[in-house]
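The values are calculated or read from the model by the stated rules, or taken from the named source; none is laboratory data. Owing to the predicted nature of the structure, the values given are computational and were not obtained by experimental measurement. Cβ atoms come from the backbone with ideal geometry, glycine included; neighbour counts cover every protein chain shown. The accessibility values were calculated without ligands, DNA or RNA, using every heavy atom of the protein model including side chains. Shrake-Rupley method; radii C 1.70, N 1.55, O 1.52, S 1.80 Å.
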Amino acid sequence: CSLAVAWASPPEPFAALAGLGPAVCRQLERYRAHWGPDPLPRLAREIGGGRRVLLPADPAFPPALLALERPPLRLHWQGRGGLWPLLRRRQAIAVVGTRRPSRHGIGMAEAIGAALAQAGWPVVSGLAEGIDGAVHQGCLARGGRPVAVLGTSLERVYPRHHRELQAEVAAHGLLVSELSPGTSVQPGHFAARNRLQVGLAQAVVVVECPLHSGALHSAALAMQQELPLWVVPADAGKASAAGSNRLLAQDATVLLDPADLIRQLGPGPLAPADPSAPLAARAPRAADTALLSALGHGASLEQLCLALEQSASVLAPRLLALELSGVVRAEPGLCWRPV
């Protein structure tokens, strides 16, 4: 049947399909209720004007986010689309913490961001004041790929003095928000984005946070999902670290040196052949000639895997390297086109 007929169909036929359980059908009904009986005009308005939107039906949409109790209805994004295959497989590390850190916390956040970037790991954080901004700056300083999950819509900058930093993240990494353009700034949005940060990562690092902090929510989500959780210890008398210090009594791993984290994680999906070379310095390899030939005028990751008989885990980093070199352009739907 046509897409229009499928969209208007009652829920019973979907429930009868193999592989669709009650939970998936409930998500589908919430999604259809949100978009209304005729979603095309609204979709055209939101996706038009150069904006990029990832919808749950898109093969690039991270499945871990669909499994959340409240999955996002869409993901607005800006930046390097070639990072989506890595985020879909949670090949990134989330680093979180307080907006009012100590000098020690700022220094550790920058060092952790730099170490992860050097090892080839995309670094997920929230672009907020304090620890978030420091870890993004450390990542960028080493030519890494920061992923900022915003608590605002993409066109807003919060805090305002992060305008230049947000632009750098968009240029070298990825900005992500579940909020539509024009959405007003509300405190609850910053707490809600914690679930997205954790859902894009395979491990979480808490640098420093007080007893009442969104970083503790991220840590709780990581423990619920049985993800590795590292915590940087701090002075027991500092209120800014009272929450993170308490996590150390809850089976979190002590992180004294960023190098210890890298030894545990190993090289990331973007690790260069020469570990001493920054990621941004990599050039396309001669072996990518076959990949570019298979790409033709444009192809999806699935088509490329079939054509070259290689796995997505092998091709995705090569496609991202070509994108960073300006050879190809990523588009929604895990598709690439030559520039």
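Of all residue pairs spaced 6 or more apart or on separate chains, those with beta-carbon atoms under 9 Å, a first member in region 298-322 that is touching a residue at least 12 places away in the same chain (Cβ under 8 Å) and within 16 Å of residue 270 (Cα to Cα) and a second member that is hydrophobic (A, V, I, L, M, F, W, C) and surrounded by fewer than 19 Cβ atoms within 10 Å (Cβ to Cβ) are 312/305; 315/305; 315/308; 317/271; 318/287; 321/283; 321/327; 322/292.
Annotation note: Cβ proximity below 8 Å between a residue of region 7-32 that is farther than 23 Å from residue 68 by Cα and a residue that is of a type in the set (A, V, I, L, M, F, W, C) (sequence gap 6+ or interchain) occurs for 9/1. Can you find a residue in region 213-229 that is at pLDDT 95 or above and of a type in the set (D, E, K, R)? Scanning region 213-229, I find no residue that is at pLDDT 95 or above and of a type in the set (D, E, K, R), so the answer is no.
Within region 128-141, the set of residues being closer than 27 Å to residue 316 by Cα and surrounded by fewer than 24 Cβ atoms within 10 Å (Cβ to Cβ) comprises 137, 140, 141. Each residue in region 279-293 was checked for being modelled with pLDDT of 85 or more and open to solvent by 30 Å² or more (accessible area, probe 1.4 Å), and 1 pass. Candidates in region 66-88 are the residues that are farther than 25 Å from residue 322 by Cβ and among the charged types (D, E, K, R); of these, the one that is modelled with the highest pLDDT is 74. Screening the candidates 200, 150 for the property of being touching a helix residue (DSSP H, G or I) at 6+ places or on another chain (Cβ under 6 Å) and either among the hydroxyl-bearing types (Ser, Thr, Tyr) or under 20 Å from residue 90 (Cβ atoms) (or both) yields one hit, 200.
Inclusion of residue 329 among residues that are surrounded by fewer than 17 Cβ atoms within 10 Å (Cβ to Cβ), in contact with a Lys or Arg (Cβ under 7 Å, 6 or more places away or on another chain), within 22 Å of residue 92 (Cβ to Cβ) and among the basic types (Lys, Arg) is warranted. Do you know which of the residues in region 154-176 that are farther than 14 Å from residue 126 by Cβ and not aliphatic (A, V, I, L, M) is most open to solvent (accessible area, probe 1.4 Å)? Restricting to residues being farther than 14 Å from residue 126 by Cβ and not aliphatic (A, V, I, L, M), the top hit is 160.
Within region 155-178, residues that are within 16 Å of residue 143 (Cβ to Cβ) sit with their Cβ atoms under 6 Å from residues that are among the β-branched types (Val, Ile, Thr) and not in a helix (DSSP H, G or I), at 6+ positions apart or across chains, in these pairs: 173/147; 174/147.
Would you confirm whether any residue within region 142-152 is surrounded by fewer than 24 Cβ atoms within 10 Å (Cβ to Cβ), under 10 Å from the mean Cα position of the chain (by Cα) and not polar (S, T, N, Q)? No - not one qualifying residue is present in region 142-152. Looking across region 208-232, the residues that are part of a loop (DSSP other than H, G, I, E, B), open to solvent by 10 Å² or more (accessible area, probe 1.4 Å) and under 22 Å from residue 266 (Cα atoms) come down to 225, 226, 227, 228. Scanning region 59-101 for residues that are assigned to a helix (DSSP H, G or I), touching a Leu at 6+ places or on another chain (Cβ under 7 Å) and over 20 Å from residue 143 (Cα atoms) turns up just one, 65. Comparison of 249, 259 shows that the only residue that is among the aliphatic types (A, V, I, L, M), in contact (Cβ under 8 Å) with a residue 40 or more places away in the chain and either over 22 Å from residue 119 (Cβ atoms) or surrounded by fewer than 21 Cβ atoms within 10 Å (Cβ to Cβ) (or both) is 259.
Might you let me know whether region 89-101 holds any residue that is surrounded by fewer than 24 Cβ atoms within 10 Å (Cβ to Cβ), touching a Lys or Arg at 6+ places or on another chain (Cβ under 6 Å), of a type outside the set (Ser, Thr, Tyr) and modelled with pLDDT under 95? The answer is no, given that none of the residues of region 89-101 is surrounded by fewer than 24 Cβ atoms within 10 Å (Cβ to Cβ), touching a Lys or Arg at 6+ places or on another chain (Cβ under 6 Å), of a type outside the set (Ser, Thr, Tyr) and modelled with pLDDT under 95.
Between 298, 326, the distinction of being at pLDDT 85 or above, farther than 28 Å from residue 203 by Cβ and out of contact with any helix residue (DSSP H, G or I) (no Cβ under 8 Å at 6 or more places or on another chain) belongs to 298 only.
Counting the residues of region 179-207 that are within 21 Å of residue 140 (Cα to Cα) and open to solvent by less than 20 Å² (accessible area, probe 1.4 Å) gives 9.
Among the residues here, residue 188 does not qualify as over 13 Å from the mean Cα position of the chain (by Cα) and under 25 Å from residue 228 (Cβ atoms).
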